[in-house]
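Reading through the structure tokens given below for one structure.
The values are calculated or read from the model by the stated rules, or taken from the named source; none is laboratory data. Since we're looking at a predicted model, the values are computed, not measured. Here the Cβ positions follow ideal geometry from the backbone for every residue, glycine too, while neighbour counts run over all protein chains shown. Note: areas computed on protein heavy atoms with side chains; ligands, DNA, RNA excluded. Shrake-Rupley method; radii C 1.70, N 1.55, O 1.52, S 1.80 Å.
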Amino acid sequence: MRILPVSAAVLLTSTLLAAPATASPPATAALGPTAIGYGGAVSTVDATATAVGLDVLRHGGNAVDAAVAAAATLGVTEPFSSGIGGGGFFVYYDARHHRVSTIDGREAGPATMTSTYFIDPADGQPFDFQEARVSGLSAGVPGTLATWETAARSWGTRSLGSLLQPAARVADRGFPVDATFHQQVADNAAAFGQFDATSAIYLPGGQPPAVGSMLRNPDLADTYRLIARKGTGVFYRGPVGDDIIRTIQHPSVSAHPIGTWAYPIRPGELTKRDLATYRVRRPAPTRSGFHGLTVYGMSTPSSGGTAVSEALNILEQSGLSGADATKVLHYYLEASALTFADRGRYVGAYTSDRILKKLVSDRWARQRACQISPATALTKPVPPGDINASGCTPAIVGGPTEQGQSTTNLTVADKWGNVVEYTLTIEQTGGNAMVVPGRGFLLNNELTDFNFAGTQGTAPDPNLPGPGKRPRSSMSPTIVLKDGKPFLALGSPGGATIITTVLQILVNRLLLDMPLPAAMAAPRASQRNSAGIQAEPAFHTAYGQALTALGHSFGADTPELGAATAMEFTRHGGIIATAEPVRRGGGAAAVVHPTR
Ligand code: GLU
């Protein structure tokens, strides 16, 4: 979201956030895209969420407390990208135990889900994406609230209830609509307009809310307060859950829709039992080395950790020290394509530990890196490697790759050295377009992250739907340690481009030696094993000619890739906190103390 002018942000912070425990209004001096300082930091896509997180840190909360409070606020101010109707992946570095842990709060499908879940019984063909998306079928059991509770209980110092209060106040009193928010509604107006509960909040008077108007969501404030009072049981086993299941099983399509929708709106199969039996998972993080650094990421059902690690390993094998930008970017694009081929073939919710370990191993990277030529780009799509072979032998066909623009990411560090990297989502911008009536939050469409039909020819597809299964994700919250201590933390939204955005920021920082804010701002390109590279116009302009000469092809340019947040931890406790200067309206970074 757009960065608020400092004066507006200070005003917001002082009027909205002052909790009974918060005597003086927090000073939020620096809410631009980069903040440098000490004592903890918060970086999100949104000034209000960053201010909430900073306020928690300033009042003695730790990184986990601040991350949960900021995420809850993003559920209000970035409701089309995240919220308690969705899921996500939380990666945490615990300074006291020197340990990286993760929470898998990914949405789960119904127990009745089979591999043909997204096949239209009428004609045996996969549903159109939008037909599947705006339906009860696409919504999985939301894992976000369970993630917050687990994080707060395991590592936080505040109750979940108290961490929901600032967000509830923002929802009650409202926040200013910016151009990004307005556009997100405009892009989804036809879908939102089919549901009275959605249009009542987001299409006031039948139109997207005007830029500069205040948007309130008292239903969501009440839901947060109900959860704060009674616990998450009201959501997973109580009245909020009943409303979720009713909405999924009997979508309440408006008698007077705003705009037309081309598809029937189908009910879903999720049950109260699916909701009641949902649990977050706590998988070990993925782990790999890169030039003496240790890279930790999110394991399955996300493919983010294995993909970022595999691509970095391939780059490490490619001997790029001292190489110029064109050469580094050539290898970056080739490593991405190879990695996406392997991801398509091998990575899904149930990938075996043996395969996961192999994918992030140096041995595998050597088998893949040997296929890259310094002079000529590979023909895309490249086939996946044969996981059981040794040597430089590829196997058969590749698979298509998806792209989304929703989701949100935040990075938080505290004065004790704990770090949170958290990516959360409701999948598409606006999820499945259904606000749960009376509860104020949108449901996810995460189950459309499954492949609707096999993509791997005669080989099994690891990402087909199955009973209770979680769809494969690309979310890549990443923490990099140097000498056992945090050095970098970063993540981004962007569907499958998340992997390449995280990878490219790391390449910019670690191989091209850019300072972190420049590594973040630099123009991006994404090669996900398809014929054409997807590039931002500035990337195409800067490197198009040189890369085309090496045999790369460009597809249609895209205005922007990702909306990342990141931090670098420097000597003597220094923190460089960054967010996007421009993409998705720019983000907001803040530190607790600008000076030591
Ligand atoms: N649902 C996507 C995933 O989990 C994220 C969507 C997005 O970033 O747009 O990979």
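For the stretch 42-104, a/c is not less than 1.5, where a ≥ b ≥ c are the root eigenvalues of the C-alpha gyration tensor, and a/b does not top b/c. That puts it in the oblate class.
For the residues ARG366, ARG528, a 1.4 Å probe over the protein chains yields an accessible-area ranking, largest first, of ARG366, ARG528. Each residue of the stretch 51-64 was assigned a 3J(HN,Hα) from its phi angle through the Karplus curve 6.51 cos²θ - 1.76 cosθ + 1.60 (θ = phi - 60°); the sequence is 5, 5, x, 4, 4, 5, 4, 5, 9, x, x, 9, 4, 5 Hz, with glycine and proline shown as x.
Take the Cβ atoms of ARG287 and ALA549, set R0 to 45 Å, and the FRET efficiency comes out at 0.75. By the Cα gyration tensor, the stretch 158-291 has an equivalent ellipsoid whose semi-axes, rounded to whole angstrom, run 29, 22, 20 from largest to smallest. Which shape class, rounded, prolate or oblate, goes with the stretch 94-239 when its Cα gyration tensor gives a ≥ b ≥ c as root eigenvalues, a/c under 1.5 marks rounded, and past that a/b bigger than b/c marks prolate? Oblate. Length gained on full extension, GLN183 to GLN249, computed as 0.36 nm times the residue gap minus the Cα-Cα distance: 20.8 nm. When the Cα positions of MET298, THR595, GLY212 are compared along the charge dipole of the chain, THR595 comes out farthest toward the positive end, with charges on each C-beta of Lys, Arg, Asp and Glu. Taking 1 over the mean of 1/r across every pair of different Cα atoms in the stretch 91-133, what Kirkwood radius in Å do you get? It is 14.0 Å.
When a/c is below 1.5 the answer is rounded, else prolate if a/b is larger than b/c, else oblate, so apply that to the stretch 520-596 with a ≥ b ≥ c taken from the square roots of the Cα gyration tensor eigenvalues. Prolate shape, in that a/c is at least 1.5 and a/b is the bigger ratio.
Evaluated with a Cβ-only charge set (Lys, Arg +1; Asp, Glu -1), the stretch 24-125 carries a dipole of roughly 480 debye about its Cα centre, given to the nearest 20. Put a dot 7 Å past the Cα of ARG354, heading toward its Cβ, do the same for ARG229, and the two dots end up 5.5 nm apart. For the stretch 66-183, the relative contact order comes to 33 percent (Cα pairs under 8 Å, sequence separation of at least 6). Shown here: the stretch 402-481, whose C-alpha atoms stretch 52, 42, 24 Å along the first, second and third principal axes, sorted largest to smallest.
For the stretch 287-433, the pair-distance distribution built from all alpha carbon pairs, in bins 10 Å wide starting at 0, is 10, 36, 34, 17, 3, 0 percent.
Largest to smallest in accessible area, the residues ASP172, ASP65 fall in the order ASP172, ASP65 (1.4 Å probe, all protein chains included). Extension gain, ASN388-THR260: 0.36 nm per intervening residue step, less the Cα-Cα distance, totals 41.0 nm.
Taking the three principal axes of the alpha carbon atoms in the stretch 52-176, the coordinate ranges are 59, 39, 18 Å, sorted in descending order.
Note on LYS272 and ARG366: with the Förster distance fixed at 56 Å, the Cβ-Cβ geometry gives a FRET efficiency of about 0.65. Based on protein heavy atoms only, the stretch 295-349 ends up with 17 Å² per residue of surface accessible to a 1.4 Å probe. When only Cα pairs below 8 angstrom with a gap of at least 6 residues are kept, the chain shows a relative contact order of 25 percent. Per-residue surface analysis assigns HIS291 an accessible area of about 110 Å², computed on protein heavy atoms at 1.4 Å probe radius.
For the stretch 457-596, the equivalent ellipsoid derived from the alpha-carbon gyration tensor has semi-axes of 29, 22, 14 Å in decreasing order. In this Cβ point-charge picture (+1 for Lys and Arg, -1 for Asp and Glu), the stretch 222-354 has a dipole of about 720 debye about its Cα centre. Each principal axis of the Cα atoms in the stretch 474-544 has its own extent, and those three values, largest first, are 39, 25, 16 angstrom. Between ALA122 and GLN207, the modelled labels are 3.6 nm apart [label points 7 Å from Cα along Cα→Cβ]. Placing a pseudo-label 7 Å from each Cα along the Cα-to-Cβ vector at MET214 and ALA200 gives an inter-label distance of 2.1 nm. Each Lys and Arg adds +1 at its Cβ and each Asp and Glu adds -1 at its Cβ; summed about the Cα centre, the chain shows a dipole of about 1500 debye.
Its alpha carbons considered, the chain gives a radius of gyration followed by a Dmax of 22.4, 66 Å.
For the stretch 422-526, the alpha-carbon radius of gyration amounts to 1.36 times the rule-of-thumb value 2.2 N^0.38 Å expected for a compact globular protein.
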